[in-house]
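J.: Structure below; questions to follow.
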Amino acid sequence: MRETTPKQDLFRGIWKENPVLIQMLGLCPALAVTNTVENSLAMGVATFFVLLGSSLSVSLLKKFIPGEVRISTYIMIIATFVTVADMSLEAMVPVVHKKLGAFIALIVVNCMILGRQEAFASKRPVGRALLDAVGVGTGFMIAMVMMGGVREILGMGSFLNIPLFGDNYEPWVVMILPAGGFLTLGFWLLGLNWWAERKKQRQKVLAARESSERRAA
């Protein structure tokens, strides 16, 4: 297993290895419930809570979990925290909970969460597992808000239900439909890949310039 520093554990999941925009994990909620920022935030917070709680539990109990049943045990642990998150959302924000519907329960089968338990939390101390969970959970929330922000602004002309463009704005209804999720994700991936390629080209130009200056000297 590749050795990492605590700083890398915390920050890599936020952007460099973002679960949605880079690793393409957890796409079901990213496409299904990001038609508004409110829904995106609620799903992001619920997933963050489940990831943090399950990573803590798996890291604490890893020595007591037989290898033969580790996956089923991880799923049971995840399901426990999903149940807590589901009941908490229903009690605190019932309207949002109703909008999210079955997608809260589907956090149980989110491959991002199960993958972090198998690949990291089950092999690391508690502190490192928590750092990883915080980083990946934060990265997931950022991606959800990026998706939800674009879709709500274009599809409803608002942000967090605050109107932005006045009564004359004609909403892009497609953006709040399922197709809008695919379009938004595609445009974000296109923009990020363009930026990464541009950064590489700039680095190549700088490296070539430095090399020529050294030869000239």
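The values are calculated or read from the model by the stated rules, or taken from the named source; none is laboratory data. What you are looking at is a predicted structure, and each value in this text was computed from that prediction instead of being measured. Heads up, the Cβs are rebuilt from the backbone with ideal geometry, glycines too, and the neighbour counts pull from every protein chain shown.
J.: Look through segment 159-214, keep the residues that are out of contact with any strand residue (DSSP E or B) (no Cβ under 9 Å at 6 or more places or on another chain) and among the hydroxyl-bearing types (Ser, Thr, Tyr), and return whichever of them is surrounded by the most Cβ atoms within 10 Å (Cβ to Cβ).
T.: Thr184
J.: Given (1) farther than 30 Å from Pro6 by Cβ; (2) free of Cβ contacts under 8 Å to residues at least 12 places away in the same chain; (3) assigned to a helix (DSSP H, G or I), identify the lone condition not met by Asp167.
T.: Result: Asp167 fails condition (3) only.
Listed here are the residues, each with its yes/no results for (1) in contact with a His (Cβ under 8 Å, 6 or more places away or on another chain); (2) closer than 14 Å to Thr5 by Cα; (3) of a type in the set (Phe, Trp, Tyr); (4) part of a helix (DSSP H, G or I).
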site: Ala129; (1), (2), (3), (4): no, yes, no, yes
site: Val134; (1), (2), (3), (4): no, no, no, yes
site: Gly137; (1), (2), (3), (4): no, no, no, yes
site: Phe140; (1), (2), (3), (4): no, no, yes, yes
site: Ala143; (1), (2), (3), (4): no, no, no, yes
site: Met147; (1), (2), (3), (4): no, no, no, yes
site: Val150; (1), (2), (3), (4): no, no, no, yes
site: Leu154; (1), (2), (3), (4): no, no, no, yes
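J.: Being farther than 12 Å from Met43 by Cβ and of a type in the set (D, E, K, R) is the filter; apply it to segment 70-118 and report the residue that is surrounded by the most Cβ atoms within 10 Å (Cβ to Cβ).
T.: Arg116
J.: Report yes if Ala46 is more than 21 Å from Lys123 (Cα to Cα), of a type in the set (A, V, I, L, M, F, W, C) and either modelled with pLDDT under 95 or loosely packed, with under 15 Cβ neighbours inside 10 Å (or both), otherwise no.
T.: No: the conditions fail for Ala46.
J.: Run Ile153 past the list (1) under 30 Å from Leu61 (Cα atoms); (2) touching a strand residue (DSSP E or B) at 6+ places or on another chain (Cβ under 8 Å) and report the number of the one that doesn't hold.
T.: (1)
J.: Which numbered condition in (1) crowded, with 18+ Cβ neighbours inside 10 Å; (2) farther than 20 Å from Val96 by Cα; (3) hydrophobic (A, V, I, L, M, F, W, C) is the only one that Val37 fails?
T.: Failing condition for Val37: (2).
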